[in-house]
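Only the coordinates and a few stated rules stand behind these numbers; no lab work does. Because the structure is predicted, anything quoted here is derived from the model rather than measured. Neighbour counts run over all protein chains shown; Cβ positions are idealised from the backbone, glycine included.
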Amino acid sequence: MSIIDVLSSIVGDAFAAEGLNSALGRVVFSDRPDLAQFQCNGALAAAKAAKKNPREIGAAVAARLEADKRFEKVALAGPGFINLTATDAFLTEEIRAIAGDGRLGGWRNQEPETIVLDYGGPNVAKPLHVGHVRTAVLGESLKRLMRFCGDQVTGDIHLGDWGLPMGQLISEIARERPDLPYFDESFEGPYPEEAPVTLEDLERLYPQASAACKADKARLEEARLATAQLQAGRPGYRALWRHFIDVSHAALAREYGDLGVTFDLWKGESDVDHLIAPMAEELRAKGIVEKSDGAQIIQVARPDDKKETPPLILFKSDGSVLYGTTDLATILDRVRTIAPTRMLYVVDQRQALHFEQVFRAADKAGYFDADRLEHLGFGTINGPDGKPFKTRDGGVLRLRALIDQVRERALERMAEAHIAEGYSEEERTDIANKIGLAALKFGDLSNVRTSDYIFDIDRFVAFEGKTGPYLQYAAVRIKSILRKADEAPNAAAITLAAPAERDLALAMLAFAPAVRSAYEKRQPHILCDFVFNLAQSFSKFYAAHHILSEEDAHLRASRLALAAAAGRQIELTLDLLGVETPERM
Ligand code: ARG
């Protein structure tokens, strides 16, 4: 139980003793740390419900709490807030428990879930760019956080590998190299094992094909036909398409790997193709498929909708399937193969309507309860002009270029700040890489998920302020103190006495509530706020007190153990954010 839970139960009992609901006793960290450590606002809510004076109720509850030895001070403030300050003995006991715990007091989900987390979502043959950053970074962090809380999480990349772009590529290659066996319908195989295209080819061919299809209706028709034939199973097209997937997979795995983002499953839209016909059959049997202008649709509108929710289109009039069809079939696939309790989608906020349609259709079909399908939308990354981020020449910034850029900036900053001076070239590069990624990820994750933010590389990569590099530096500084210590940190040695020690302990005690809140809201920025506050509290503590040079052995041991626990908590929180801490800097 976190200290917040312990205090809430004590205060809840006092409310209950007054004949009031114990839930009113919920305690939070004080928003006036100068006045108290904790507070309870329950008397105000109680008074409203009972039409009584909140100060009267507050006073009665406070009087009961005064008898509790764990409080140093209980005071009524303002219209009826109950301000609470714990004794050092109680705080010491709580902080020792955290420092001695492998999970550092982190919150645990009492009813663990089995989750499919859908993030990444790149498309085959299209290079990763700045638009792929948020889903990757948020998805990785949420995966780590949920696992830490005890859930079983399967991360699935859900490759876009089955739509028109595939047919566009096939027909483009058919024009450039008609002699390839993939286009010869009388060819009896086996098809070459070697891919006929490289990644560079794909990256050149796709934009070329897509431009041609935009300019020329006939080309678009060709691509449509190729897509339909691919989906219908034409052997040469399937064989060629398999090469696209393999070439892209290898490249994507490398690039996500460089970003420190991994997936448990590399399934794609194509993997559910075989489920679509039987699914449609079943849906028709259930009577939820309607015909509309030749297309087959599922109505998902509800009478109380404020905005119109258009139907999900299962098949277009030419029989082809759409994005919603594959997403619906994917839900079915996940139910059958993983049987999750929840499915989460980390996808751009602009796809909200799509997911609303899919979720309602899945619910209507009886496949999965819509309450357990969550679209975790996110805002866009903007440039300094407040518009979606573009390169100087107006193009999209490739992820590769972005990673190179942050690493370079990190190297510049390191030189300015005399960091990693005299280290080997190899170690410097490794540190620069970690700092660059920390800048990028923390710069992203520290924003409310649903908000847009401005990509400001100079601010993100700074060693001062609320940044990834600042936090890495804080963790590394503590590591270096510990390396120099003669003794191993011992949690039982902690005794709190001075204000800066107490404040540091309070910052650490906020870990469990922060983890819980970040988990429940699916908002990693709550962890960013927590860890920044912790690092600042450590800085103040370190400025106020000696650690290794403290002469009193008891004080020295206590502070060393406090520092060690704070360092581990910073490193653990960064890890939950997908940020690596170097050994030294
Ligand atoms: N490939 C899609 C896109 O580029 C994103 C996929 C998101 N996941 C999903 N299950 N729809 O927009």
Rg(Cα) of region 26-99 divided by 2.2 N^0.38 Å? 1.17
Going by Cα centres, region 532-585 and region 178-202 are how many Å apart? 59
How large is Rg/Rh for region 375-496, to two decimals, with Cα atoms and a Kirkwood Rh? 1.09
With N denoting the number of residues in the chain, provide Rg(C-alpha) divided by 2.2 N^0.38 Å, to two decimal places. 1.16
Where only C-alpha atoms are counted, convex hull volume of region 446-576 per residue in Å³: 105
Once you've got the Cα coordinates, tell me which of Lys126/Lys217; Lys214/Lys441; Lys52/Lys306 are over 29 Å apart. Lys214/Lys441; Lys52/Lys306
Whole-Å semi-axes of the ellipsoid equivalent to region 271-377 (Cα gyration tensor, √5λ, descending): 20, 18, 13
Which lysines, if any, have their Cα less than 21 Å from the Cα of Lys51, not counting same-chain residues under 8 positions apart? none
Below 22 Å, Cα to Cα, which lysines can Lys540 reach? Residues fewer than 8 away in the same chain don't count. Lys466, Lys479, Lys484
May I ask for the angle, rounded to the nearest 10°, between helix 499-509 and the longest principal axis of the chain, with both axes built from Cα atoms and the value confined to 0 to 90°? 40
If you scale each eigenvalue of the Cα gyration tensor by 5 and take the root, what three semi-axes come out for region 349-396, rounded to whole angstrom and sorted largest first? 35, 9, 6
Taking 1 over the mean of 1/r across every pair of different Cα atoms in region 495-559, what Kirkwood radius in Å do you get? 12.9
Would you compute, for the Cα atoms of region 1-150, the largest minus smallest coordinate along each principal axis and list the three values in descending order, in whole Å? 68, 40, 32
Where Rh is the Kirkwood radius over Cα pairs, Rg/Rh for region 170-218: 1.03
Cα gyration tensor of region 139-288 diagonalised, 5x eigenvalues square-rooted, in angstrom largest first, produces semi-axes 31, 22, 15
Long-range share for region 215-276, i.e. C-alpha pairs more than 16 Å apart as a percent of all pairs, stands at 60
Can you bin every Cα-Cα distance in region 102-150 into 10 Å intervals starting at zero and give me the percent of pairs per bin, rounded to whole numbers? 23, 39, 24, 12, 2
Could you work out the local net charge near Thr135, counting Lys and Arg as +1, Asp and Glu as -1, over the other residues with Cβ closer than 10 Å to its Cβ? -2
